[in-house]
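**Q** Encoded as structure tokens, here's the structure I'll be asking about.
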Amino acid sequence: MSSEPEPVVTKRQVLYCGVCTLPPEYCEFAASRKKCEEWLKDTHPEEHARLYNDQAITQKLAMTTLSEGRVAKEAAKMEKAMSKEEARMARELEKKMASKVVIKRAERNKRKCVTIVLGLDVFGVDLKKTAKTFANHFACGGSVSKNPQGLDEIVVQGDFSDEILELIHKNHPEVPRDNIELTEEKKPKKAAP
Amino acid sequence: MFKKFNLQGTMSGQNSVKTSTVRNIRLKLAKQFPGLEPCLDDILPRKANLIQIKCKDHITLYAVDSEILFFQRFEDPITPTLRLLHQYPEILPQVKVDRGAIKFVLSGANIMCPGLTSPGAHLPEENIPKDAIVAVMAEGKEHALAIGLTKMSTNDIKSINKGNGIDLIQYLNDPLWKTRID
């Protein structure tokens, strides 16, 4: 065998855009292109200068093999896709604002009851971790289970409606107070963890 | 292949792999991907805690430290993930598509021969046989765009220049790319 040294292969560190999770050079194909560019400018100004300066853009256009007409058509399509994406995000945000977090108190045995919290996952809250936190806080049992509608809910053994409201507000400020609702409900079956 | 993939919904089992099986996998990978050999010790060290995740449709994922490294369908050859390919670009042979094709590849379309033979695209000098796993690069871009399976050898692609050239297995921002293990 020849005595060539083995090529040293090192792991490359790849930078991924914080907005679209693609390498920044592909951000122009993502619908969130403008946000990607802003993110890159804020966090990695050198990369931004490298990719977005005018020289790079004209170089890229010169390198490509698309005719002028196609380029213009593609640019128009991207604009449309971007505005559609923004409209979609706005709609989702609205839906989020409208959805409620419901805190219910239901009876389990004659003197024991459980507190049920519905609808936290819409706000991006990690249900399992939150259930554990509640249980630790009140020194009782807490878990996540599916209710008959198929939605996930946090069940805490004991009657803590008001305290839970305060806890949510303290730990998860992203849930606006107006969206939380306290109700009562009679639940005949035993809440199983 | 990962058009509809949701880890939460399809995961049926997760377990650590025995060291002997890890060794087996290393051998298979070294044989399959000659470009992978120098990096194999970095990616899969001898005492690696390799986790095997079984999903629906006979898909198996192999992960180390909550990062998915390889995947496999049925008993097909084990393929690296796109993220791994970005970190070690040399492990797969590379083909290049022209800029116009990037948009379609990013939505999962298979690559037709003209996209590989037009000016701006690039196929390697030596022949890559049919049914080989290749990295799909893009004109003007530094990082891989997708991982594909050749449906025709590159010589055929150059000469026939019609029809389906490369099937896409993985592309940027597909469901597997977005999957994270906790």
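**Q** Please work out the FRET efficiency for the pair A:Gln149 and A:Lys95, using the Cβ-Cβ distance as r and a Förster radius of 25 Å; give the result to the nearest 0.05.
**A** 0.90
**Q** Same structure again: Quick one: what do you get for the stretch A:76-129 if you divide its Cα Rg by 2.2 N^0.38 Å?
**A** 1.89
**Q** Dipole magnitude of the protein assembly as shown about its Cα centre, charges +1 at Lys/Arg Cβ and -1 at Asp/Glu Cβ only, in debye to the nearest 20?
**A** 1600
**Q** Helix-only mean residue ellipticity at 222 nm, the protein assembly as shown, DSSP H runs n ≥ 4 weighted -39,500 (n - 2.57), per residue, nearest 500. What is it? Before the final figure, lay out the partial values.
**A** Values: 14 runs with 136 residues, N = 375.
The helix contribution divided over the protein assembly as shown gives -10500 deg cm²/dmol.
**Q** Let me ask another. Using all alpha carbons of the stretch A:133-184, what is the percent of pairwise distances in each 10 Å bin, ordered from the shortest bin to the longest?
**A** Answer for the stretch A:133-184: a P(r) of 21, 52, 26 percent.
**Q** Once the Cβ-Cβ distance between B:Glu90 and A:Arg111 is put in as r, and R0 is 51 Å, what FRET efficiency do you end up with, to the nearest 0.05?
**A** Computed FRET efficiency for B:Glu90 and A:Arg111: 0.15.
**Q** Follow-up question, since we're still on this one. Taking 2.2 N^0.38 Å as the expected size of a compact globular protein, what ratio does the Cα radius of gyration of the stretch A:95-169 give against it, to two decimals? Each step should come with its number before you reach the end.
**A** On the way: Rg = 11.9 Å, N = 75, 2.2 N^0.38 = 11.3 Å.
This ratio for the stretch A:95-169 stands at 1.05.
**Q** Based on alpha-carbon centroids, what's the gap between the stretch A:10-39 and the stretch B:105-173 in Å, whole number please?
**A** After rounding, the separation between the Cα centres reads 23 Å.
**Q** With only alpha-carbon atoms in the gyration tensor, what are the semi-axes of the equivalent ellipsoid for the stretch B:58-182, in Å, largest first?
**A** Over the Cα atoms of the stretch B:58-182, the semi-axes work out to 25, 15, 13 Å.
**Q** Per residue of A:18-24, what is the mean number of Cβ atoms on other protein chains within 10 angstrom of that residue's Cβ? Each step should come with its number before you reach the end.
**A** Working: counts 0, 0, 2, 5, 6, 7, 2.
Neighbouring Cβ atoms belonging to other protein chains average 3 per residue here.
**Q** Next up: Testing the spin-label approximation: label points 7 Å from Cα along Cα→Cβ at B:Ser20 and B:Asn155. State their distance in nm.
**A** Between B:Ser20 and B:Asn155, the simple spin-label model gives 4.3 nm.
**Q** Carbon and sulfur together cover what percent of the accessible area of the protein assembly as shown at a 1.4 Å probe radius? Display every interim value, and only then the final one.
**A** Numbers: 11240 of 21880 Å².
The nonpolar share, carbon plus sulfur, comes to 51 percent.
**Q** Still on this structure, I have one more. Based on the Cα coordinates of the protein assembly as shown, what is the per residue volume of their convex hull in Å³?
**A** 198
**Q** Something else now. Pairs B:Lys103/B:Lys141; A:Lys34/B:Lys178; A:Lys34/A:Lys77; B:Lys151/B:Lys178; A:Lys128/A:Lys170: which exceed 23 Å Cα-Cα? Intermediate results must be reported in sequence, preceding the final value.
**A** On the way: B:Lys103/B:Lys141 13 Å; A:Lys34/B:Lys178 21 Å; A:Lys34/A:Lys77 15 Å; B:Lys151/B:Lys178 26 Å; A:Lys128/A:Lys170 18 Å.
Flagged as over cut-off: B:Lys151/B:Lys178.
**Q** A further question follows. Any idea what the dipole of chain B comes to, in debye rounded to 20, about its Cα centre with Lys/Arg Cβ at +1 and Asp/Glu Cβ at -1? List each step's numbers first, then the result.
**A** On the way: 23 positive and 19 negative charges, 99 e Å.
With only Lys, Arg, Asp and Glu charged at Cβ, the dipole is about 480 debye.
**Q** In whole Hz, with x marking every Gly and Pro, tabulate ³J(HN,Hα) for the stretch A:103-111 from phi via Karplus 6.51 cos²θ - 1.76 cosθ + 1.60, θ = phi - 60°.
**A** With coefficients 6.51, -1.76 and 1.60, one gets 10, 10, 10, 10, 8, 10, 10, 4, 10 Hz.
**Q** Debye calculation, C-alpha points only, no solvent: report log10 I(q)/I(0) for the stretch B:52-102 at q = 0.30 Å⁻¹, in the same order as the q values.
**A** Here log10 of I(q) over I(0) equals -1.12.
**Q** Taking the Cβ of B:Met152 as the center, what net charge do the other residues with Cβ under 10 Å away carry, scoring Lys and Arg +1 and Asp and Glu -1?
**A** For residues surrounding B:Met152, the net value is +2.
**Q** Modelled label-to-label distance, B:Asn127 and B:Phe74, 7 Å Cα→beta-carbon offset: nm?
**A** Output for this residue pair reads 2.6 nm.
**Q** Next question. Could you tell me which of A:Leu15, B:Ile51, B:Gln14 has its Cα farthest along the dipole of the protein assembly as shown towards the positive end, charges placed at Cβ (Lys, Arg +1; Asp, Glu -1), taken about the Cα centre?
**A** Of the options given, the answer is B:Gln14.
**Q** Cross-link partners among aspartates and glutamates for A:Lys11, C-alpha distance below 18 Å, same-chain residues fewer than 8 apart left out?
**A** Output for A:Lys11: B:Glu37, B:Asp41, B:Asp42, B:Asp65, B:Glu67, B:Glu90, B:Glu142.
**Q** I'd like the interface area for chains A and B: accessible area of each alone minus the complex, both sides summed, 1.4 Å probe, protein heavy atoms only. What is it in Å² to the nearest 100? Let's see the in-between values first.
**A** On the way: alone 14220 and 10050 Å², together 21880 Å².
Chains A and B together bury roughly 2400 Å² of accessible area.
**Q** Also, I was wondering about something else. Work out the charge dipole of chain B with +1 on the Cβ of Lys and Arg and -1 on the Cβ of Asp and Glu about the Cα centre, then indicate which of B:Ser107, B:Thr60, B:Leu123 is farthest towards its positive end.
**A** Farthest towards the positive end: B:Thr60.
**Q** Which percent of Cα-Cα pairs in the stretch B:1-130 sits in each 5 Å bin, short to long?
**A** Reading the bins upward from 0: 2, 9, 16, 19, 18, 15, 11, 6, 3, 0.
**Q** Let me confirm one metric for peptide B:139-150, namely the mean number of other chain beta-carbon atoms within 10 Å of its residues' beta-carbons.
**A** Mean inter-chain Cβ contacts per residue within 10 Å come to 3.
**Q** State, to one decimal in nm, how far the label point of A:Phe123 lies from the label point of A:Glu46, with both points 7 Å from Cα in the Cβ direction.
**A** It is 4.1 nm.
The values are calculated or read from the model by the stated rules, or taken from the named source; none is laboratory data. From a predicted model like this one, the values you see are computed outputs, not experimental measurements. Cβ sites come from the backbone with ideal geometry, for glycine too, and all protein chains shown count toward neighbours. All accessible areas refer to the heavy atoms of the entire protein, side chains included, with ligands and DNA or RNA removed. Shrake-Rupley method; radii C 1.70, N 1.55, O 1.52, S 1.80 Å.
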